Amino acid sequence: MRGAMWGDWRDLLRIAVRIEYPALMSQTSQNFFASGPLVALCGWLVPGSGYWLIGEKIRGAVVGLTILAIFLGGILIAGIRVVDVPGFDNLGRASYVRLEQDSQGHVRENKSLQPDKESSGGWQPIGAWHWTLRAHPFPDIAEKPWFVGQILAGPICLVAASKSVEVAHPVSPDETISATPSSHARIFEIGTLYTAVAGMLNLLAIIDSAYRAGQGAGQ
Amino acid sequence: MMLPLAYQLFLDPMPLWDYWPWTLIPLALGVSIVYKSMKCKSMKTVPREAAAITFWILFGMISAAAVLWGIVAIVAKV
């Protein structure tokens, strides 16, 4: 009788060990405090931080570190010049446009790397110089569509873009060769692929984390 | 003009011209980890699932390369 009772207790103990109690609220994703747009914005600013905000810290860390590793891997493989910034030429010079008119009333758009330079051939300016990316952003970005993918990786892309433009300048102003030439062919393609894929993955992470935030995270 | 000849990390491209196909592996692994981190309910299952999907990505890419190589070889003979 006594042996049978101890046997029952042992069975109960075995069952109790198997029971998985729900984690505390503070340990789960239930303690999210962010709205979808805020999660999306943070997810862009720091990849993976959207998950962090909704309480999924491990998921956020894994996603964020992997995305950053892929982006930096692309720069490591192809060099910093793989971030090819719209609105700048191969030597890191900003390009400008302005509208000009001749004596017969014809209008043209003059594109120049030196906005201080006077027009020639009887063309008179009828507008101010504007940076091409600001004057007509879509055609400019369409020339370098991979930048759209890259920028989705977050401000790290802006930092890389700034550095890319900086090192692209020639050693002296009269030179026509960049101080840090960009890579070519396969290596450039692979670097572009890495950096753009990192951005696209971050977009997926942003959408997923914002959706989870909207759904009440973890439900 | 003086150009620096020494390799500068993160500024100059890596000398991978003869080994570029190997760069597929870390990319496939990274994509798999991020994708499975989003898909899996529990993060404990991510390593195994990511390893599996990495294998299938690589298998698919190698298969596609083999098929394309075969087509090119046939077309070149004709």
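Worth a mention:
- Annotation: A:SER182 fulfils all but one of (1) surrounded by fewer than 16 Cβ atoms within 10 Å (Cβ to Cβ); (2) touching a Phe, Trp or Tyr at 6+ places or on another chain (Cβ under 9 Å); the unmet one is (1).
- Hits in segment A:132-170 - residues which are among the hydroxyl-bearing types (Ser, Thr, Tyr) and either surrounded by 15 or more Cβ atoms within 10 Å (Cβ to Cβ) or in contact (Cβ under 8 Å) with a residue 40 or more places away in the chain (or both): A:THR132, A:SER164
- Among the residues listed as A:THR195, A:THR180, the single one being polar (S, T, N, Q), more than 7 Å from every other protein chain (Cβ to nearest Cβ) and either touching a Gly at 6+ places or on another chain (Cβ under 6 Å) or part of a loop (DSSP other than H, G, I, E, B) (or both): A:THR195
- Among the candidates A:GLN124, A:GLN104, residue that is more than 20 Å from A:MET200 (Cβ to Cβ), surrounded by fewer than 17 Cβ atoms within 10 Å (Cβ to Cβ) and either free of Cβ contacts under 8 Å to residues at least 24 places away in the same chain or within 14 Å of chain B (Cβ to nearest Cβ) (or both): A:GLN104
- Where A:ARG186 falls short, out of the listed (1) touching a helix residue (DSSP H, G or I) at 6+ places or on another chain (Cβ under 7 Å); (2) of a type in the set (Lys, Arg); (3) closer than 30 Å to A:GLY60 by Cα: (3)
- Residue within segment A:117-128 that is modelled with pLDDT of 85 or more and not in a helix (DSSP H, G or I) present: no
- A:ALA217, sole failed condition from (1) in contact with a helix residue (DSSP H, G or I) (Cβ under 8 Å, 6 or more places away or on another chain); (2) modelled with pLDDT of 85 or more: (2)
- Among the residues of segment A:183-192, just one is of a type outside the set (Ser, Thr, Tyr) and in a loop (DSSP other than H, G, I, E, B), namely A:HIS184.
- Scope segment A:152-177; condition in a helix (DSSP H, G or I) and facing chain B (nearest Cβ under 10 Å); matching residues: A:ALA160, A:LYS163, A:SER164, A:VAL167
- Restricting attention to segment B:24-49 and to residues that are hydroxyl-bearing (Ser, Thr, Tyr) and over 17 Å from A:MET200 (Cβ atoms), the residue that is farthest from the other protein chains (Cβ to nearest Cβ) turns out to be B:THR45.
- Of all the residues in segment A:74-89, those that are more than 14 Å from chain B (Cβ to nearest Cβ) and either more than 15 Å from the chain's Cα centre (by Cα) or without any contact (Cβ under 8 Å) to a residue 40 or more places away in the chain (or both) number 3.
- Restricted to segment B:19-78, and to residues there that are of a type in the set (S, T, N, Q) and part of a helix (DSSP H, G or I), the residue that is surrounded by the fewest Cβ atoms within 10 Å (Cβ to Cβ) is B:SER63.
- The residues on offer are B:TRP69, B:TRP17, B:TRP56, and the sole one that is within 14 Å of another protein chain (Cβ to nearest Cβ) and of a type in the set (Phe, Trp, Tyr) is B:TRP17.
- Residue within segment A:44-67 that is at pLDDT 90 or above, buried (at least 17 other Cβ atoms within 10 Å of the Cβ) and under 30 Å from A:ALA179 (Cα atoms) present: yes
The values are calculated or read from the model by the stated rules, or taken from the named source; none is laboratory data. Values in this document were obtained by computation on a predicted structure and should not be read as measured data. Every residue, glycine as well, gets a Cβ built from its backbone with ideal geometry; the counts of neighbours run over all protein chains shown.
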